[in-house]
Amino acid sequence: MIADPLTERIACDDIPDMVRSYDRYIASGLYDRRYPRPNRRTLGILLHHLPSDGRFLDFGAGTGRYAEPLLQLTDASGVAYDICPTAGQIMEERLDGFVKDGRLMIRNGSPALLSEEFHSAFDMVFLAFGVLAHVSGRANRQNMLSVLRQTLQPNGVLIAGLPNRARRFHAERRAARSRVMDGELEEGDVLYQRGRNADTIPMFYHLFTPEEARREFDAAGFHVEHIQAESVLAEEKVVSSPFVSWLDNFVCRSLPAAYGFGFLVVARSRMTEAS
Ligand SMILES: C[S@@+](CC[C@H](N)C(=O)[O-])C[C@H]1O[C@@H](n2cnc3c(N)ncnc32)[C@H](O)[C@@H]1O
C-alpha cells in the first residue's frame with residue numbers, strides 16, 4: 001500500500017486507519033452480509049448518467065456491488081478502485097470475467113497515480129455510499145475531489161452518495177461535541193465501530209448536510225447540478241430485499257434530500273481543460 005498525501009490524518013491522533021479497518025470489515029464478510037446488493041435508486045441514477053458504451057470510475061468500489069451490475073447491464077467499461085487490498089482481491093475473483101474481457105481494470109494504491117493514468121478518461125466517476133465521508137479533514141476531501149475531477153472528460157459527471165448528518169450517529173455526535181469545540185474534530189465528524197465484542201472495528205465518518213456538500217464540491221471546482229435523497233430507510237434495510245429496495249425508491253421520489261438516510265450529489269466540473 002502506497003502512503004498517500006490525500007489521505008493524511010488530521011490533528012486528532014485516534015482517527016482510525018481506514019485501510020486497516022476496511023481490510024478487517026471486508027475480510028470478516030460482515031460488509032457483504034450487510035450490503036448484499038446495490039441500492040436500486042443509486043444504481044438507477046448511475047445507469048441514467050452512464051452512456052451505454054461509456055467509461056466509468058467506481059472510486060471506493062468495495063467488493064463491486066455497483067461495478068458488477070453496470071457491466072452486466074450496459075456495454076460500458078470501467079475501473080474499480082479501492083484503497084483496501086482485500087476489497088481489490090474479492091473484486092478480482094468476483095469480476096474476473098469482465099477483467100479478462102478487457103472491460104474492467106481493478107486498481108489499488110495512490111489516487112494521485114490513478115489521476116495520472118486516467119487523465120480525462122471517464123464519462124462518470126462515482127463514490128457510492130459514503131466513500132468521501134471516510135476521509136478526515138475538509139482539505140483532504142477537497143484534494144481528493146480535485147484529483148477525481150481531473151479523471152473526468154470535460155462534460156463528465158461525478159456522483160457521490162453521502163451520509164446525512166440529520167439522520168445518522170446521534171449518540172456518536174454528542175460524544176464528539178467537546179472535541180469539535182476544541183478544534184480536534186470538524187463539525188459532523190464521528191468515531192464509531194462495526195462488529196461486536198473482541199472483533200470491533202474502529203471507523204471514522206464525516207456526516208454532511210446538503211449545504212455543506214454543495215460548498216465542498218464547489219470549492220473543488222464542481223458545479224452541483226442537484227442533490228437528492230438516496231433512501232428513506234437505513235441502507236442495510238433498503239438492500240435487504242429487492243421489494244424493500246423498490247418500495248424505498250418509490251417513496252424517495254418525493255422525499256427532500258434533507259430527510260434522506262443519505263443523499264446523492266450529481267456534479268460536473270466547472271473547469272476548462274487548461275485549468
Ligand atoms: C461504505 S464502503 C462503500 C463501498 C462501495 N462503494 C459500496 O457502495 O458498497 C466505503 C469504501 O470506501 C473505501 N475507502 C475508504 N477510504 C478511502 C479512500 N481514502 N480512498 C478510496 N477508497 C476509500 C473503503 O475501503 C470501502 O470499500
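So, of the residues in the range 58-80 that are within 16 Å of the chain's Cα centre (by Cα), of a type in the set (A, V, I, L, M, F, W, C) and not in a helix (DSSP H, G or I), which turns out to be surrounded by the fewest Cβ atoms within 10 Å (Cβ to Cβ)?
Within the range 58-80, the match that is surrounded by the fewest Cβ atoms within 10 Å (Cβ to Cβ) is V79.
Restricting to the range 126-155, what's the tally of residues that are under 14 Å from R268 (Cβ atoms) and either within 12 Å of the ligand (Cβ to nearest atom) or in contact with a Lys or Arg (Cβ under 6 Å, 6 or more places away or on another chain) (or both)?
3
For the range 27-57, what are the residues that are buried (at least 23 other Cβ atoms within 10 Å of the Cβ) and of a type in the set (V, I, T)?
Matches in the range 27-57: T42 only.
So in the range 81-91, with the set limited to residues that are more than 9 Å from the ligand (Cβ to nearest atom) and within 19 Å of S110 (Cβ to Cβ), which one is surrounded by the most Cβ atoms within 10 Å (Cβ to Cβ)?
The qualifying residue surrounded by the most Cβ atoms within 10 Å (Cβ to Cβ) is M91.
So which residues in the range 15-56 are polar (S, T, N, Q) and within 10 Å of the ligand (Cβ to nearest atom)? Full working, then the answer.
Within the range 15-56, the first condition is being polar (S, T, N, Q), and the residues that meet it are 21, 28, 39, 42, 52.
S21, N39, T42, listed by residue number.
Name every residue in the range 105-115 that is touching a helix residue (DSSP H, G or I) at 6+ places or on another chain (Cβ under 9 Å) and not small (G, A, S), in order of residue number.
M105, I106, R107, N108, P111, L114
Can you give me the ranges of the helices (runs of 4 or more DSSP H) entirely in the range 82-185 with at least 2 residues that are on the phi < 0 side of the Ramachandran plot and small (G, A, S)?
85-94, 111-117, 138-150, 170-181
Every number here is computed from the coordinates shown, using simple stated rules; none is lab data. On a predicted model such as this, the values are computed, not experimentally measured, just so you know. Neighbour counts run over all protein chains shown; Cβ positions are idealised from the backbone, glycine included.
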